[in-house]
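The structure appears below as structure tokens.
The values are calculated or read from the model by the stated rules, or taken from the named source; none is laboratory data. Model, not experiment: these values are computed from the prediction. Positions of Cβ are generated from backbone atoms using ideal geometry, with glycine treated the same way; all protein chains shown enter the neighbour counts. Note: areas computed on protein heavy atoms with side chains; ligands, DNA, RNA excluded. Shrake-Rupley method; radii C 1.70, N 1.55, O 1.52, S 1.80 Å.
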Amino acid sequence: STLSTERTAPSHERYTSPPSSTKHCFTIQPTTQKTMNEGIRLVDADDSSITVTWPAITSSSSSPTRYSLQYRPSTSPNDNGIDSGGSLLYTSLSTDLVSTTAKKNNLTGAGHGFWFRVSAATKSKTRVDKNATEYVEHACRKPFLVLSMMEESKRMPTPVVRIDSSAAAAASSQPNTYVAHVSWTQYEDPLLVGYKLQMRENEGGCKWSTVAQCLTGTEVRKKNLTSKHGYMFRVRPVCQGESGGYEQNLDVSVSEGGNTIPYSKVSDVVGVRRSGSASASSQSGSSA
């Protein structure tokens, strides 16, 4: 199968520079703002796949909403994703998704990127007879991009994230919150200055937010986390001489552009609280 689904979502945290330990482990404090907008957002991408997320869609049915997800290659640099005439053919990825996040594998041959759209799946309306206005489209009016093979080769390994349940972590956090310990492999580059860290809450439609612009160590503790859906993290090296990169480029890519190195693949989701459980746990994606 070329489509996998997983529960995922963004964050809203700011970096403060508390004292570092001998392990260069910093503590990062959150703000309270959640960043979520209507529309499909990019979660992750590599040189052959794209992972997307969207806000939950309310269904008139009493049963849980199932989603119909479609995609198509962008036809040109001027393709703005609008298909009012129905002339551009979308391919159905699934009409029976239960998650608000999905990954499309085996993407090749689209130098201009890819467009996705999603709707609540119903028995009476198939992908053939749905009107284009009934679909949720990109939050930004730009196609999502895969990485080049060169960009993919420069990415850092996926960071390792776990819930820190130690007494010291509990003592430093507010009641009814939890602490995530995030670590990554040192990046070997003579121009390395530090690491830029981002996170997102594991809820459909949430956006990536920057936690720290330039950490000097290879691990952090993110405390006072509250979401029952959990969080995921990604990191990239910050090197001397960076130019041409902008965070707004992350709306459509996992690279800020210019000569910056793309972000790592995203970590597993940690902190998911299942019904009837007060404990936080880790969660990875499933396939469909």
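Looking at GLN283, GLN240, which is the one that is at pLDDT below 95 and either closer than 23 Å to ALA169 by Cβ or not hydrophobic (A, V, I, L, M, F, W, C) (or both)?
GLN283
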Among (1) part of a strand (DSSP E or B); (2) modelled with pLDDT of 95 or more, where does THR260 come up short?
(1)
Find the strands (runs of 3 or more DSSP E) located wholly in the stretch 200-251 whose residues include 3 or more that are under 26 Å from ARG141 (Cβ atoms), and list them.
231-239
Kindly provide the set of residues from the stretch 161-179 that are farther than 24 Å from GLU247 by Cα and not in a loop (DSSP other than H, G, I, E, B), ordered by number.
ARG162, ILE163, ALA167, ALA168, ALA169, ALA170, ALA171, SER172, TYR178, VAL179
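Matching residues to (1) at pLDDT below 95; (2) under 16 Å from the mean Cα position of the chain (by Cα):
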| residue | (1), (2) |
| --- | --- |
| CYS206 | yes, yes |
| ALA212 | no, no |
| PHE233 | no, yes |
| ASN249 | no, yes |
| SER253 | no, yes |
| ALA278 | yes, no |
| SER287 | yes, no |
Top-ranked residue of the stretch 147-160 - restricted to ones that are open to solvent by less than 40 Å² (accessible area, probe 1.4 Å) and in contact with a Phe, Trp or Tyr (Cβ under 8 Å, 6 or more places away or on another chain), ranked as nearest to SER253 (Cα to Cα):
ARG155
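Count, please, the residues in the stretch 46-77 that happen to be outside any loop (DSSP other than H, G, I, E, B) and either more than 17 Å from the chain's Cα centre (by Cα) or modelled with pLDDT under 95 (or both).
7
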Among the residues of the stretch 209-229, are any open to solvent by less than 10 Å² (accessible area, probe 1.4 Å), in contact with a Cys (Cβ under 8 Å, 6 or more places away or on another chain) and more than 16 Å from VAL272 (Cα to Cα)?
yes
Residue check for VAL118: outside any loop (DSSP other than H, G, I, E, B), modelled with pLDDT of 90 or more and crowded, with 20+ Cβ neighbours inside 10 Å:
yes
Taking the condition of being open to solvent by 50 Å² or more (accessible area, probe 1.4 Å), touching a residue at least 24 places away in the same chain (Cβ under 8 Å) and under 12 Å from TRP208 (Cβ atoms), how many residues in the stretch 236-251 meet it?
1
Is it the case that the stretch 171-178 has a residue that's at pLDDT 95 or above, surrounded by fewer than 19 Cβ atoms within 10 Å (Cβ to Cβ) and within 23 Å of GLY230 (Cα to Cα)?
no
Restricting the search to the stretch 181-195, which residues are assigned to a strand (DSSP E or B), closer than 18 Å to LYS222 by Cα and open to solvent by 10 Å² or more (accessible area, probe 1.4 Å)?
HIS181, SER183
